[in-house]
Amino acid sequence: MTSDKKNISLLADIFVKKGLSNIVISPGSRNAPIILSFVNNKKVNAFSIVDERSAAFFALGMSLQTGMTTAIACTSGSAVLNYASAISEAYYQKVPLLVLTADRPSHLINVGDGQTINQTNVFNNFIKYSYQLPENIDGIDEFRSAEKTINEAINNCMFPEPGPVHINIPFDEPIYNTTNEVITGAVINPLEPDCNIDTLKVKEIADRMNGSAKIMIIGGQNKPDNRLNLSLKRLSLKNNIIILSETTTNIVGDNFIDTIDNVVSAISDEDALAFKPEIIISFGEQVVSKMLKKYLRKNKPDFHWHISASGDKMDTYFSLTEAVKCDNAKFLKALEDRVEQSNSSYSALWKARYQNVNAKREFYLGNTMYSDLKVFDYVLKQLPQNINIHLGNSTPVRYNQLFGCKPGITYNSNRGVSGIDGHVSTAAGYSYYSKELNVLITGDLGFLYDSNGLMNHYLKPNFKIIVINNSGGGIFRFIPGPDTSPNLENFFEVKHNWTAEYICSNFGVNYLKADSMDSLQSVFNDFLNNSSSCSLLEIFTPNEVNGQVLREYFQHLAE
């Protein structure tokens with residue numbers, strides 16, 4: 001059984017033939033033909049999540065985990081706009097989503113009909129491609145055009161790099177009619193992307209590197225890639241090359257600088273030129289460290305090449321020489337084969353400072369008071385290997401960067417746009433198909449903002465949530481400006497006494513809490529080892545102390 005609307009029946013058929021199976025649907029009326037065509041297809045896994053914003057982030061997490069396109073589908077009108085946050089995150093983080101929005105037919109737009117907005121190109125600034133299916137595909141030309149559009153849209157979700165693609169689908173009434181006649185279409189495979197490496201470009205960059213004593217390779221947000229990791233490990237053995245990474249880069253190596261803020265915060269004005277690179281090679285998406293951006297924008301390299309499969313001109317440090325359109329791992333492997341050993345001391349300089357500040361970190365943490373920083377130190381040391389850590393934005397993702405990467409852990413965070421929304425929903429979607437333990441570490445405002453992420457039937461026992469509740473936006477007690485503003489508590493920090501306890505009770509999530517190191521240590525193992533349900537641990541910290549402790553931490557590293 002399927003909808004009698006031929007446009008959506010054809011789309012569902014091609015969707016399955018493409019090897020896709022997951023769709024997250026938010027209930028509605030105008031999208032009834034989408035529901036009927038997908039839910040009644042035995043090869044489709046359909047998920048029902050009421051809140052469109054949460055549903056879209058749940059699908060984003062599912063795509064992150066599976067590496068495949070997930071569809072989302074909603075009714076018309078303002079429901080469509082609720083997708084915007086997750087779509088923008090998918091666009092900038094390069095995650096494949098197929099966005100299906102039901103619509104009124106054109107003669108009902110802008111005439112006062114209910115639940116109607118102009119949905120054509122509604123996501124224009126943060127979508128790879130937008131399409132509209134014809135309302136009727138009775139003629140052969142209309143059918144072939146729709147068939148081509150559907151194939152092209154699904155293909156573009158993955159090539160040349162992943163991202164969100166929108167298909168707007170108008171339906172006229174009646175919209176609940178069904179039929180047993182499935183409209184079938186042909187599969188059109190995408191053209192294979194050009195994977196040839198520009199050997200002249202490799203030689204040009206390698207020659208520059210061989211003539212330089214100070215080369216910095218910087219990794220932004222990236223998915224785990226063993227080929228990439230191996231090439232970077234080999235490059236890190238060169239005396240003139242230093243590799244800077246963050247937890248969200250998902251690379252691990254003994255010679256990598258994986259606590260960037262610790263090191264950069266300890267570079268004095270007198271040291272700045274010694275640490276300044278002559279060449280930067282960057283890959284991946286956004287970099288978390290504001291300190292690094294500030295340092296390199298002030299101390300610019302002579303050359304900067306950014307590598308990406310789509311040729312993105314990622315000029316993070318305002319010094320871009322050229323974007324190199326190529327797969328990261330393949331290009332760095334080609335460089336690795338051409339770059340020679342050097343007698344430079346540049347790598348040794350960075351490594352010495354790295355070891356020094358990390359030793360200072362351990363000393364400071366052993367003597368500081370109970371605070372956000374102390375809690376992160378304890379939690380990260382207690383988490384086992386071979387898990388997935390999901391990091392909320394603002395302070396959680398930044399605190400995490402101070403402790404470096406642990407082998408066997410995959411780090412995820414919504415750093416495409418770096419918004420507060422969707423962390424719970426994304427991690428929930430990721431954990432659904434994951435066999436490992438998934439731990440989300442978020443702040444109180446980030447959790448409360450996405451508490452609807454618990455309003456679904458798909459929370460797994462392997463999903464654990466840590467909410468660090470410092471009674472507001474703790475980062476604003478550390479950022480210069482808001483920390484001294486008379487509007488700090490009400491309009492920046494938003495000081496409050498809200499907790500997660502009754503939200504958990506309402507949605508059947510196991511709840512634990514701690515407000516000191518002793519109570520944290522007494523409940524943490526029970527929290528992690530509860531295998532019967534999703535669990536949330538709320539850790540209360542003193543908001544007045546947290547900013548002071550972090551400021552003193554960086555002062556200690558710089559001494």
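No lab work stands behind these numbers, since they all come straight from the coordinates. Model, not experiment: these values are computed from the prediction. Using ideal geometry, Cβ is built from the backbone for each residue, glycine included, and neighbour counts are taken over all protein chains shown.
Whole number please: convex hull volume per residue, Cα atoms of the stretch 110-257, in Å³.
218
May I ask you to work out the translational diffusion coefficient for the stretch 1-97 at 25 °C, viscosity 0.890 mPa s, via Stokes-Einstein with Rh from the Kirkwood sum over Cα pairs, reported in whole µm²/s?
183
Tell me, what is the Rg over Rh of the stretch 513-555, with Rh the Kirkwood radius over Cα pairs?
Radius of gyration over Kirkwood radius for the stretch 513-555 works out to 1.14.
Give me 173, 147, 436 ranked fewest to most by other Cβ atoms within 10 Å of their Cβ, as a rough exposure proxy.
173, 436, 147
May I ask for the angle, rounded to the nearest 10°, between helix 140-156 and the longest principal axis of the chain, with both axes built from Cα atoms and the value confined to 0 to 90°?
So the inclination is approximately 20 degrees.
Under the rule a/c < 1.5 gives rounded, and otherwise a/b versus b/c splits prolate from oblate, where does the stretch 296-340 land using the Cα gyration tensor?
oblate
Considering only 100, 15, 116, whose Cα is most displaced toward the positive end of the charge dipole of the chain, charges sitting on Cβ of Lys, Arg (+1) and Asp, Glu (-1)?
So the residue furthest toward the plus end is 15.
Looking at the stretch 2-178 from every direction and averaging, what is the projected area of its Cα convex hull in nm²?
9.2
With all pairs of different alpha carbon atoms counted, what Kirkwood hydrodynamic radius in Å does the stretch 383-422 show?
10.8
To the nearest 10 degrees, how steeply does helix 346-365 sit against the main Cα axis of the chain, on a 0 to 90 scale?
Roughly 90 degrees, rounded to the nearest 10.
Go ahead and run the numbers for FRET between residue 558 and residue 516, Cβ-Cβ distance against an R0 of 35 Å, rounding to 0.05.
0.75
Which value, in nm² and rounded to one decimal, describes the direction-averaged projected area of the C-alpha convex hull of the stretch 188-280?
Average projection, Cα convex hull of the stretch 188-280: 8.1 nm².
I'd like the trypsin sites (Lys or Arg not before Pro) in the stretch 281-382 restricted to DSSP loop residues with at most 12 other Cβ atoms within 10 Å, sorted by number.
Those satisfying the criteria are 313.
Quantify how much of the Cα-Cα distance distribution of the stretch 179-240 extends past 16 Å, in percent.
Percentage above 16 Å: 71.
Remind me, relative contact order of the chain in percent, using alpha carbon pairs under 8 angstrom and six or more residues apart?
13
Which three semi-axes in whole Å describe the equivalent ellipsoid of the stretch 199-351, each the square root of 5 times a Cα gyration tensor eigenvalue, listed largest first?
21, 17, 16
In whole angstrom, how long is each semi-axis of the equivalent ellipsoid of the stretch 79-170, when you take the square root of 5 times every eigenvalue of its Cα gyration tensor and sort them from largest down?
In descending order, the three semi-axes are 23, 19, 7 Å.
Place +1 on the Cβ of every Lys and Arg and -1 on the Cβ of every Asp and Glu in the chain, take the dipole about the Cα centre, and give the residue among 465, 308, 257 whose Cα lies farthest towards its positive end.
257
Mind sorting 319, 522, 342 by how few other Cβ atoms lie within 10 Å of their own Cβ, fewest first?
With the fewest neighbours first, 319, 522, 342 line up as 522, 319, 342.
Name the residue from 442, 401, 87 whose Cα lies farthest towards the positive end of the charge dipole of the chain, charges +1 on Cβ of Lys and Arg and -1 on Cβ of Asp and Glu.
After comparing all options, I get 401.
Measure nothing fancy, just the Cα-based angle from helix 84-93's long axis to the longest principal axis of the chain, in degrees from 0 to 90, nearest 10.
It works out to around 50 degrees.
Would you mind working out the magnitude of the charge dipole of the stretch 2-178 relative to its Cα centre, with +1 at each Lys and Arg C-beta and -1 at each Asp and Glu C-beta, to the nearest 20 Debye?
Dipole magnitude for the stretch 2-178 comes out near 500 debye.
Take the alpha carbon gyration tensor of the stretch 255-340, find the square roots of its eigenvalues, order them as a ≥ b ≥ c, and report rounded if a/c is under 1.5; if not, report prolate when a/b exceeds b/c, else oblate.
Prolate is the answer for the stretch 255-340, as a/c is 1.5 or above and a/b outweighs b/c.
Can you give the Rg and Dmax of the stretch 320-460 based on its C-alpha atoms, in angstrom?
In order Rg, Dmax, the Cα atoms of the stretch 320-460 give 19.2, 59 Å.
Using the Kirkwood radius built from alpha carbon pairs, what does the Stokes-Einstein equation give as D for the chain at 4 °C and 1.567 mPa s, in µm² per second?
After rounding, the answer is 51 µm²/s.
With only alpha-carbon pairs counted, each pair once and no self-pairs, how large is the Kirkwood hydrodynamic radius of the stretch 368-558 in angstroms?
16.8
Using only the alpha carbon atoms of the stretch 4-45, find the Kirkwood hydrodynamic radius as the inverse mean reciprocal pair distance, in angstroms to one decimal.
10.4
For the stretch 368-558, what relative contact order do you get, as a whole percent, if you take Cα pairs closer than 8 Å and at least 6 residues apart?
23
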